[in-house]
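Note sheet for the following structure.
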Amino acid sequence: MTARLAALHGLVLAGGASRRMGRDKAALAYHGRPQLEWARELLSRHCAQVFTSIRADQQDDPVRRGVPVIVDTQDGIGPIAGIAAAQAQWPEHAWLVLACDLPFVDDACIANLVSRRDGRPVVAYASSHDRLPEPLCAIYEPASRAGVLAAIESGRNCPRKFILGSGVELLEQLDPAALDNVNTPDELQRVRGQLGGPANP
């Protein structure tokens, strides 16, 4: 008999500084609206509630204002801060975590991730580029919380390395390009062209 799975919440990671892009990646439009809005709607089709992970100094930002947020409690440690803050606020829930800079991710990618929940602490894809875990489109079950906290306490703030250390079997991506992210202005131009949007907004 399979144990009952925890209720699933969504978390869009939008607390990054976007240094390489030079502008807020959450506000970029690939699908006719800010990417944060688009990512939240995507997760809302698969999760009971969706939250946005932000830094404390982003609480009055117009792109992030007016939606449920979870504020990082630790600075300077990257996306694992958002995961830890969400787990601290709702420790009994599982978290479907999605970075806001993944314009190619789709319902099939998310639905497959959700369907593969089986009690392992993390459900994640293998990168189609280097076969390492894709930690920013993944499900973190309540059982992963102790490991996340231990990683942070020891200074190992890379969620990819955390998943590697967990030993879970990684999933194959349905679409090899689904989890390609966009970090620079040149990548932005190229991806907008692929998606049929304007090269220069």
Restricting attention to the stretch 54-83, which residues are touching a residue at least 12 places away in the same chain (Cβ under 8 Å) and among the basic types (Lys, Arg)? 55, 64
Restricting attention to the stretch 188-199, does a residue exist that is over 23 Å from residue 23 (Cα atoms) and either in contact with a Ser or Thr (Cβ under 9 Å, 6 or more places away or on another chain) or surrounded by fewer than 20 Cβ atoms within 10 Å (Cβ to Cβ) (or both)? no
Identify all residues within the stretch 9-33 that are within 23 Å of residue 78 (Cβ to Cβ), assigned to a strand (DSSP E or B) and aliphatic (A, V, I, L, M); write none if there are none. 11, 12, 13
Filter the stretch 72-96 down to residues that are closer than 16 Å to residue 157 by Cα and part of a loop (DSSP other than H, G, I, E, B), then give me how many there are. 8
When you look at residue 124, is it surrounded by fewer than 21 Cβ atoms within 10 Å (Cβ to Cβ) and modelled with pLDDT of 95 or more, yes or no? no
Some residue of the stretch 97-107 being in a helix (DSSP H, G or I) and either over 16 Å from residue 43 (Cα atoms) or in contact with a Lys or Arg (Cβ under 9 Å, 6 or more places away or on another chain) (or both): yes
What is the residue count in the stretch 72-99 for residues that are in contact with a Gly (Cβ under 6 Å, 6 or more places away or on another chain) and either at pLDDT below 95 or closer than 16 Å to residue 10 by Cβ (or both)? 2
Of residues in the stretch 86-112 being more than 13 Å from residue 30 (Cβ to Cβ) and of a type in the set (Val, Ile, Thr), the one surrounded by the fewest Cβ atoms within 10 Å (Cβ to Cβ): 110
Restricting the stretch 47-71 to residues that are part of a loop (DSSP other than H, G, I, E, B) and either within 14 Å of the chain's Cα centre (by Cα) or hydrophobic (A, V, I, L, M, F, W, C) (or both), the one modelled with the highest pLDDT turns out to be 47
Filtered residues of the stretch 23-47 (kept if out of contact with any strand residue (DSSP E or B) (no Cβ under 6 Å at 6 or more places or on another chain) and over 26 Å from residue 193 (Cα atoms)): 45, 46
Considering only the stretch 34-45, I want to know if a residue exists there that is assigned to a loop (DSSP other than H, G, I, E, B), touching a residue at least 60 places away in the same chain (Cβ under 8 Å) and surrounded by 15 or more Cβ atoms within 10 Å (Cβ to Cβ). no
Here are some conditions: (1) touching a Ser or Thr at 6+ places or on another chain (Cβ under 6 Å); (2) closer than 19 Å to residue 86 by Cβ. Residue 162 meets all but one. Which one does it not meet? (1)
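The values are calculated or read from the model by the stated rules, or taken from the named source; none is laboratory data. Keep in mind that this is a model prediction, so the values were computed, not measured. For neighbour counting, all protein chains shown are included, and Cβ atoms are generated from backbone atoms with ideal geometry for every residue, glycine included.
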